[in-house]
Amino acid sequence: MQSRRSFLIKSVGVVSALAVARTAFAAAAKIEEKDPAAVALGYAADASKMDKAKHPKYAAGQSCSNCQFYQGKATDAFAPCPMLGGKQVSGKGWCNVYAKKA
């Protein structure tokens, strides 16, 4: 009986640890352009389609992938951005808080 009880207790611990790890490492949701935070920052998923009249701070060649806030590799299609609540942004995107990566 003792070995069965030990097994069950250990199993519950392992399953709980796996559930917590899965939640902790789950990918953040991709932000949509209609999200209120995205609208507030002028986020667009494709910087090549930016309206210069509406977003005068935008300059050709700027994109999330070469911004200091982009938390991924420059080659990643999507990565989290702390400016947008840690949600995934497109590497080809752009927003008003763009700051060139050093």
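Computed from the coordinates by the stated procedures, all read-outs in this text should not be read as laboratory data. All values reported here derive from a predicted model rather than from experimental measurement. Cβ placement follows ideal geometry from the backbone for every residue including glycine, while neighbour counts extend to all protein chains displayed.
Highest mean packing first, where packing is the average number of other Cβ atoms within 10 Å per residue, the peptides 41-53, 58-70, 84-96 line up as 84-96, 58-70, 41-53. Derived from the Cα gyration tensor, the three semi-axes of the equivalent ellipsoid of the stretch 28-90 are 18, 15, 9 Å, largest first. Taking a straight line from the alpha carbon of LYS101, these aspartates and glutamates sit under 20 Å away, with near neighbours fewer than eight places off in the same chain left out: ASP46, ASP76. Close amide H pairs (under 5 Å, H built 1.01 Å from N) link PHE78 with GLY91, residues at least 5 positions away or on another chain.
Once both labels are positioned 7 Å from their Cα atoms along Cα-to-Cβ, the gap between ALA29 and LYS92 label points is 2.3 nm. Counting only residues at least eight positions apart within a chain, or on another chain, the lysines with an alpha carbon under 23 Å from that of LYS54 are LYS34, LYS92, LYS100.
Report, in whole Å, the centroid distance computed from the Cα atoms of the stretch 70-99 and the stretch 33-64. That distance is 12 Å.
Take every Cα pair under 8 Å whose residues are at least 6 apart in sequence, average their separation, divide by the length of the stretch 28-90, and the relative contact order is 34 percent.
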